[in-house]
Amino acid sequence: MGAHVESVTVPPGGTAQIQISLDTTKTIISGEVIMDLDPTVFGEVIAVDVFSATGDQVGAGDIQGRHLDAHFSSQTGGIGRMAGVPILVVSVPVLASATPGKTSPLTFHAGSTSWRDTQHVQYSVVGVPGTLTVGGSLSVQDVVPGGGMLPAGSVVKIDGTGFTDHTTVAVDGVSIASTQFVSPQEIDLTLGAAADLTAKRVYAFWSRIPTIRRRHFSLLSAGVLYIVQRAAR
C-alpha cells in the first residue's frame, strides 16, 4: 500500500503540520506510524491527530521529544476513506534558529502494528518521503474551533506567524463573510453561512501573491488519540 508525506515550506519559528496520506482510498481499521525528526530543524512534537470519515478514531501517541510512535484504529474503517484528506498529521515547531533554505527529509515507517482494512486484509506500507524547506514568513499553527457544525456569523480564529493586512485566508467549501487582521499571529474569520469545519483545508496566502499558499487541515478529534508525552532521551 502506497503512502506519502507532503512536502512543506515553513519559516523559522513557525509551526509545521506534517501530513501523511494514502495514495488511494482504503478502509483502514488499524495501523502505526513512527517518525524521528531532525533536531537541527525541529523542536519537540506538539501533537498528533488521526482522521476518520466516521469520527471513531482512537489510539495512542507516544511522544519523546522529536520521536513519535502513534498507534491508531477505527472500528468502521474510517481511516483512509476520505480522498484528499491525510490519515495523520503531526504538529511540530520549526526552530527559530533554523537556517532559511535548509531542507530536512520527512520520513516514517509503519512499525510493528498491522495495517489492516475492514476485510482484514493486511498491508505492507511503502512510504514516500517528503521534504521540509525552511523559508518564507507565513505559517498556520491552529484553527479554533477546529471543527464541528458552526452557525453563520461564527468567528473562527486562525493562529500562525507572518500574517499581515494583505494575508487572505480561505477554507474549502466554506463561505467567509469577512476577514479581520488582528496581529501577525492571528486572523479572525466570520462565517457567511453555517459550516462544518472538521478536516477542512485552510489556506493562508498573500493576496498580492496568491500562488504561494500555506495549507493546514482543521482538527477536531471526534474520537480519542491519547497522547503520552515523555522526556526526550
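The table below gives the values:
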item	result
Spacing of the two label points (7 Å from each Cα toward its C-beta) at THR25 and GLN119, in nm	1.6
Cα gyration tensor shape of the chain, rounded if a/c is under 1.5, else prolate or oblate by comparing a/b with b/c	oblate
THR167, THR24, THR76 arranged by Cβ crowding within 10 Å, fewest neighbours leading	THR24, THR76, THR167
Percent of Cα-Cα distances greater than 14 Å, calculated over the stretch 40-80	50
Other-chain or far-sequence residues with amide H under 5 Å of ILE176's (modelled H)	GLY192
Listed residues THR167, LEU68, VAL143: farthest to the positive end of the dipole of the chain (Cβ charges)	THR167
For THR131, distant residues with modelled amide H under 5 Å away	SER7, VAL8, LEU106
Fraction of beta bridges assigned by DSSP in the chain that are antiparallel (%, nearest 5)	85
For the stretch 180-196, 3J(HN,Hα) per residue [Karplus equation, 6.51 cos²θ - 1.76 cosθ + 1.60, θ = phi - 60°, Hz, x = Gly/Pro]	10, 6, 9, 6, x, 10, 8, 10, 10, 10, 10, 6, x, 7, 4, 7, 9
Sorted by Cβ neighbour density within 10 Å, fewest at the top, the residues MET82, MET1, MET149	MET149, MET82, MET1
Compactness of the stretch 139-217 as Cα Rg over 2.2 N^0.38 Å, two decimals	0.98
FRET efficiency, GLU6 to ALA152 (Cβ-Cβ, R0 35 Å, nearest 0.05)	0.65
Estimated inter-spin distance, THR40 and VAL126, nm [label 7 Å along Cα→Cβ]	3.0
Euclidean distance of C-alpha centroids, the stretch 137-178 and the stretch 80-122, integer Å	24
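Rule-based calculations on the coordinates, nothing more; no lab input. Since this is a predicted model, take the numbers as computed values, not measurements. With ideal geometry, Cβ positions are generated from the backbone for all residues, glycine too; neighbour counts draw on all protein chains shown.
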